[in-house]
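Note sheet for the following structure.
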C-alpha cells in the first residue's frame with residue numbers, strides 16, 4: 001500500500017521560506033531547527049509542527065537520489081524567478097516527492113478541462129479508486145486541496161468543499177520551462193510527446209509553451225519525430241541541463 005505522506009495543510013509562505021533557506025544551508029539539522037523557530041507561533045504543538053516540517057523536507061531536502069539534480073536545478077533557478085511563476089518549482093518538487101499530491105493534482109486538472117469547478121467528493125471518489133478507502137485519505141485530501149488554495153492554484157467556488165481554478169500562471173522563464181519539461185518526463189516514465197507535456201493534467205495551474213529549438217539546444221533531451229509527425233521527447237544524459245552548475 002502506497003504511503004500518503006502529504007497529510008497536512010502546507011502554507012505557501014512556509015514552503016517559500018524553506019526552499020530559500022535550503023538554497024544556502026545544507027545542514028538538515030540546522031534547517032529543521034530554523035523551521036521549528038519560524039513555525040512556532042502558527043504551530044505551537046510540537047507534533048503538528050514536526051509533521052509540517054517533515055513534508056517540507058521531503059519536498060525540498062530529503063529528495064530521492066534520482067531527483068537530486070532536479071532539486072539542484074530548482075534551487076539554482078529559485079532566486080531568478082518571481083512569484084507567481086516561482087510556484088512552478090514548489091509544485092514540480094511536490095509532484096516528484098508525493099504521488100498522492102500528484103494524483104490529486106491530475107484529478108483536479110482532468111475535472112477542470114471538462115467543467116468550471118469540482119467538488120471535494122468528486123476528487124475523493126477518483127482517488128479512493130486508486131488509493132483505497134482509508135481514514136488517512138479522508139484527513140489528507142482536504143488538506144492537500146486547501147494547500148493548493150493557499151498556493152493560489154485553486155479557489156473556493158461558493159462553498160468550502162467546491163473548488164475552481166485560478167487564472168493560469170504563464171511560465172515565461174526559459175530555464176524554468178526546461179526544468180518543468182524534465183519533471184514531466186520524470187513522472188511519465190522518461191518519454192512523452194511534446195504536445196502532451198504542455199497539457200498534463202497535474203500541471204493545470206500553469207501554461208507553458210516550449211519550442212523545439214529550446215529543447216534541442218538543451219543537453220538533457222533527445223528528440224524524435226514519429227510517423228504521425230508528433231515530436232517525442234526523451235530524457236538523456238545526467239539531466240542537469242546546466243542547472244547543477
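Can you grab the distance from the C-alpha centre of region 1-65 to the C-alpha centre of region 115-165, Å, no decimals?
22 Å
Calculate the FRET efficiency for residue 209 and residue 46 from the Cβ-Cβ distance with a Förster distance of 51 Å, rounded to the nearest 0.05.
0.65
Normalised radius of gyration for region 1-49, please: alpha carbon Rg relative to 2.2 N^0.38 Å, two decimal places.
Normalised by 2.2 N^0.38 Å, the Cα Rg of region 1-49 equals 1.25.
Using just the Cα positions, wrap region 1-152 in a convex hull and report its mean projected area in square nanometres, one decimal place.
Answer in nm², one decimal: 9.7.
Among 98, 182, which comes first, then next, by fewest other beta-carbon atoms within 10 Å?
The order, fewest Cβ neighbours first, is 98, 182.
Compare 83, 148, 35 in a GNM of the chain, Cα atoms joined below 10 Å, and give the one with the largest fluctuation.
83
Per DSSP helix of 4 or more residues, -39500 (n - 2.57); summed, then divided by the residues of the chain. What does that give at 222 nm, rounded to the nearest 500?
-16500 deg cm²/dmol, from helical runs alone.
Any chance you could tell me what percent of the C-alpha pair distances in region 164-238 go past 20 Å?
27 percent
Between 48, 222, 22, where does the largest GNM mean-square fluctuation fall for the chain, given springs only between Cα atoms within less than 10 Å?
48
Once both labels are modelled 7 Å past Cα along the beta-carbon direction, what's the residue 160-residue 62 spacing in nm?
For residue 160 paired with residue 62, the spin-label model returns 2.9 nm.
Where a number appears in this text, it was derived from the coordinates with a stated rule and is not lab data. What you are looking at is a predicted structure, and each value in this text was computed from that prediction instead of being measured. Here Cβ is always computed from backbone atoms with ideal geometry, including for glycine, and neighbour counts include all displayed protein chains.
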